[in-house]
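Presented below is the structure to which this report refers.
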Amino acid sequence: MIATGQTLGVLGGGQLGMFFTLAAQRHGYPVWVLDPDPRCPAARTAARHLCAPLDDPVALAELTEGVAALTVESENIPAATLAHCAPWMRPGPEAVRIAQDRRLEKSFLRDLDLPVAPFVVLDAGSPVPALVDDFSFPALLKTARWGYDGKGQETVARAEDLARAWQALAGVDAVLEARLALVAEFSILLARGEDGMVVFYPAARNYHRDGILDVTLVSPAAPTTLELEARHMALRIAEALDYIGVLAVEFFVDDRGQVLVNELAPRPHNSGHFSLDASLQSQFDQQLRCLCGLPLGDTRLLSPVAMMNLLGDLWIPGEPDWAGVLEHPQVKLWLYGKTQARSRRKMGHLTILPESLDAAAATLAALRRRLSLPELPPLGSVP
């Protein structure tokens, strides 16, 4: 167990690093952050900001000499950094290495005999692979690394379009994934301690816009059969990785009612931000507890909740009307302190703590009209 007052470290200083730092400070732990951005969100809250690239050897040596343990806010960590930080890291480097490469991730899930969308691996420098006859189109071609929030993806309508799509992605390592007919997307968030104990948060129903998470809904209702099935899959993943920390697993439900694993995040997750306001212990509290060897906290949901991301596009006409947003008394506003608002960049989020999910849907609709955002499709709970 790492005692209160000892210094912790985090690789990455975005909003996830900031929220972890705040949770650690509440519990009496100072935090050092390594991030190359001098104005990263976590720099304002950390006890120390090492402003350097994540693979800078001098900064890494200083970080690991000064902290008792460290964690990550992103899976996009250089291999040399993972190797250097391995003795201090939770979760371990292997989980991060698998999650940062879609080829490894899909193969890992397949080897666990977990259901995933049909996929084909494309290795840079190799010829376009011959596809088996039963591989269906349309499909999505995704870069193996660095693709997130809809980036690094090309739609492939037919087999003969694959070469062009791969060329559009500069011929890098990639995964071709069949596009499924989906009825729902949701995520399971768990925390696993060093003693193997696991706690789950209620499933988060997710709605995306242009490949970026837009809205998440979470209900305190008892888990459905599909949610329990997904929890079992997430637990198998965590146990196979001997995982210590917070793990998010994203799932699809197809038009046949089958649950399939989409991808992993070896860290707190955007869809888990609801826990900051609506859970007894947030995902960042759990991240701290796992890192320090402390007992896991209660994941009980205190209220139905909706979370909506705030992207940089909202700032293009000028500062959004936050006073108007806060006319809704059940709304809580989180702004991350990023100095530059860019299109598609996550600048903050809203949480709504209503009496019911129907009330959340009504408030979301009103907020989106005020912020000139597109209407949402009909909202529902996890199937």
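The values are calculated or read from the model by the stated rules, or taken from the named source; none is laboratory data. Since the model is a prediction, treat every value here as computed from it, not as a measurement. Here Cβ is always computed from backbone atoms with ideal geometry, including for glycine, and neighbour counts include all displayed protein chains. Accessible surface areas use protein heavy atoms only, side chains included; no ligands, DNA or RNA. Shrake-Rupley method; radii C 1.70, N 1.55, O 1.52, S 1.80 Å.
Numbers for the structure displayed
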{"read-out": "In the range 225-295, trypsin sites (Lys or Arg not before Pro) in a DSSP loop with at most 11 other beta-carbon atoms within 10 Å", "value": "Arg256"}
{"read-out": "√(5λ) per eigenvalue of the Cα gyration tensor, the range 235-360, largest first, Å", "value": "29, 18, 18"}
{"read-out": "The chain, helix-only ellipticity at 222 nm - DSSP H runs n ≥ 4, -39,500 (n - 2.57), divided by all residues, nearest 500", "value": "-7500 deg cm²/dmol"}
{"read-out": "Å³ per residue enclosed by the Cα convex hull of the range 114-225", "value": "160 Å³"}
{"read-out": "Label-point gap, in nm, between Arg344 and Cys51 - each point 7 angstrom along Cα→Cβ", "value": "2.8 nm"}
{"read-out": "Under the Debye formula (equal points on every Cα, no solvent term), log10 I(q)/I(0) of the range 312-383 at q = 0.12, 0.25, 0.26 Å⁻¹", "value": "-0.36, -1.28, -1.34"}
{"read-out": "Probe 1.4 Å, protein heavy atoms only - accessible area per residue of the chain in square angstrom", "value": "42 Å²"}
{"read-out": "Rg over Rh [alpha-carbon atoms, Kirkwood Rh] for the range 172-292", "value": "0.96"}
{"read-out": "Cα-based convex hull volume of the range 217-288 per residue, rounded to whole Å³", "value": "103 Å³"}
{"read-out": "Tail fraction, Cα-Cα pairs, the range 260-299, threshold 12 Å, whole percent", "value": "60 percent"}
{"read-out": "Alpha-carbon gyration tensor eigenvalues x 5, square-rooted, for the chain, Å", "value": "30, 27, 22"}
{"read-out": "Potential lengthening between Trp146 and Ala86 on full extension [0.36 nm per residue; Cα-Cα distance subtracted]", "value": "19.5 nm"}
{"read-out": "Extension gain, Val183 back to Ala68 (0.36 nm per residue minus Cα-Cα distance, nm)", "value": "36.9 nm"}
{"read-out": "Calculated diffusion of the range 44-158, Stokes-Einstein form, Kirkwood radius summed over Cα pairs, 4 °C and 1.567 mPa s, µm²/s", "value": "77 µm²/s"}
{"read-out": "Cα-based Kirkwood hydrodynamic radius, the range 1-70, one decimal, Å", "value": "11.6 Å"}
{"read-out": "Separation of the Leu376 and Ala168 label points, Cα + 7 Å toward Cβ, nm", "value": "3.0 nm"}
{"read-out": "Surface accessible to a 1.4 Å probe, Lys338 within the full protein complex, Å²", "value": "40 Å²"}
{"read-out": "The range 350-380-the range 14-35 distance, computed between alpha-carbon centres (Å)", "value": "30 Å"}
{"read-out": "Of all accessible heavy-atom area on the chain, the percent that carbon and sulfur account for (1.4 Å)", "value": "52 percent"}
